[in-house]
Amino acid sequence: MRSRYLVTTAIPGLGLPLLREAGEVTILPEAPDYETLAALCASGDYDVVLTQLRDVIDAPLLARARIRGVSNFAVGYNNIDLDAATTGGVMVANTPGVLTDATADIALLLILGTARRVVEADRLVREGRFKGWAPELMLGSDVSGAVLGLAGFGRIARAVARRAIGFGLEVIFSPRPPGDRPVSNEELGEFAGRVRQVPWDELVKRSDFLSLHVPLTDRTRHLVDAAVLKRMKPEAILINTARGPVVDEAALVQALANGEIAGAGLDVFEDEPRLAVGLADLPNTVLLPHIGSATVAVRNEMARLSALNAIAIAEGRVPAHAVNPQSWT
Ligand code: 8YV
């Protein structure tokens with residue numbers, strides 16, 4: 001029997017042609033709600049589901065599901081209950097690596113864009129309020145010489161560090177906030193002697209730019225809450241290209257409105273696509289619609305990887321990017 005794939009949202013590039021060559025492909029006409037997706041997964045009509053971040057694959061859905069695996073079109077997989085998948089023998093795969101540089105570029109863009117007030121400045125020009133150069137027009141803050149604190153030191157954080165060093169920032173990091181673990185020089189590799197590990201609390205206090213690069217887990221949900229925002233410098237800027245719920249967004253709005261911190265550059269939101277009340281009215285923010293991986297080449301690669309992962313799972317092979325390879329042992 002040919003493999004059967006359920007694709008919750010059409011993917012670009014070679015993704016769909018690869019799947020069609022390998023089996024029967026069903027593409028849903030619109031993003032499914034939870035009940036629809038749960039029923040489709042329970043139907044027994046599909047071997048593998050190719051999901052997006054907004055598709056919630058939780059324990060109750062997995063308990064009813066009759067599928068071999070889930071191929072997520074993302075490097076993050078916080079939409080999937082991994083323990084329940086592993087217990088249920090459901091293989092989960094993701095798309096790491098291919099979006100590292102693109103996402104790091106967006107983090108740098110947010111650092112530069114918030115520091116130099118690019119959105120405010122652009123708006124001023126478009127609205128006809130640019131009346132000529134002036135010594136104090138649209139003054140921002142310096143990036144070179146500033147301290148960049150990286151919360152997390154995985155692939156994307158390292159790619160941000162590489163860029164930031166080029167821009168003359170001093171880079172400090174905490175590898176696994178709010179916890180800690182020592183990172184050896186060997187592990188630091190090219191960064192040994194060029195970046196410095198500090199405890200999470202010091203990272204919060206010292207950073208001019210605090211950039212988040214942690215996965216969303218029970219431990220990192222609201223990692224940046226009202227108390228953390230209060231401990232940041234008043235001139236500090238928060239950058240989030242990771243996951244919205246890592247930040248208490250309502251507390252962030254308060255902190256920005258009260259001048260507890262100077263600005264925020266966000267590519268992700270706590271309850272996407274909704275924004276916390278008041279966030280969009282704050283001038284000291286740059287807000288992007290989750291475009292960290294949004295280049296043509298990167299999305300094509302994500303599509304290719306997620307299709308190859310799905311095909312491997314359907315054919316009973318452990319995929320190249322298995323998140324829980326132990327699920328089949
Ligand atoms: C995607 C992402 O745009 O890979 C991730 O974890 O957040 C982004 O690259 C998003 O996941 C699309 O599903």
Check: Rounded to the nearest 20 Debye, what is the dipole magnitude of the chain about its Cα centre when Lys and Arg each give +1 and Asp and Glu each give -1 at the C-beta?
Finding: 520
Margin query: For the stretch 191-303, place one equal point scatterer on every Cα, skip the solvent, and apply the Debye formula. What is log10 of I(q)/I(0) at q = 0.11, 0.14 Å⁻¹?
Written below: -0.37, -0.59
Margin query: Run the simple label-point estimate for Lys230 and Arg274 please: 7 Å along Cα→C-beta, distance reported in nm.
Written below: 2.7
Item checked: the stretch 258-294 versus the stretch 65-109: alpha-carbon centroid distance in Å -> 24
Next item on the list: Calculate the dipole size of the stretch 100-287 relative to its Cα centre from +1 charges on Lys and Arg beta carbons and -1 charges on Asp and Glu beta carbons; express the result in debye to the nearest 20.
Entry: 240
Note to self: Test of understanding: what is the full-extension gain from Thr9 to Leu124, defined as 0.36 nm times their sequence separation minus their Cα-Cα distance?
What the structure shows: 37.6 nm
Notebook entry, point to check: Which value in deg cm²/dmol, rounded to the nearest 500, describes the helix-derived mean residue ellipticity at 222 nm for the chain, given -39,500 (n - 2.57) per DSSP H run of n ≥ 4 and division by the residue count?
Noted result: -9500 deg cm²/dmol
Check: Based on the Kirkwood radius over alpha-carbon pairs, what is the Stokes-Einstein translational diffusion coefficient of the stretch 100-287 at 25 °C with 0.890 mPa s viscosity, in µm²/s?
Finding: 147
Next item on the list: Let me see the pair-distance distribution of the stretch 26-166: every alpha carbon pair, 10 Å bin width, integer percents in order.
Entry: 10, 28, 19, 20, 15, 7, 2
Margin query: With unit charges on the beta carbons (Lys and Arg positive, Asp and Glu negative) and the dipole taken about the Cα centre of the stretch 100-287, which residue among His222, Leu148, Pro175 sits farthest to the positive side?
Written below: Leu148
Notebook entry, point to check: Rounded to the nearest 5, what % of the DSSP beta bridges within the chain are antiparallel ones?
Noted result: 5
Next item on the list: On a C-alpha basis, how far is the centre of the stretch 114-155 from the centre of the stretch 231-249 in Å? Whole number, if you could?
Entry: 17
Check: When only C-alpha pairs under 8 Å and at least 6 residues apart count, what is the relative contact order of the chain, in percent?
Finding: 22
Check: Could you give the radius of gyration (one decimal) and Dmax (whole number) of the Cα atoms in the chain, in Å?
Finding: 21.5, 73
Note to self: Using a Cα-Cα cut-off of under 13 Å, which aspartates and glutamates could be cross-linked to Lys205, ignoring same-chain neighbours fewer than 8 residues away?
What the structure shows: Glu235, Glu260
Next item on the list: Just need the relative contact order of the stretch 127-261 here, percent rounded to a whole number, with Cα pairs under 8 Å and 6+ apart.
Entry: 23
Item checked: Low-density loop cleavage sites - GluC sites (Glu not before Pro) in the stretch 195-278, where at most 16 other Cβ are within 10 Å (DSSP) -> Glu235
Checklist line | For Ala74, residues with placed amide H under 5 Å, excluding near neighbours | finding: Thr95
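Computed from the coordinates by the stated procedures, all read-outs in this text should not be read as laboratory data. Worth saying up front: this structure is predicted, and the values here are computed from it rather than measured. Please note: Cβ atoms are built from the backbone with ideal geometry, for glycine as well, and neighbour counts cover all protein chains shown.
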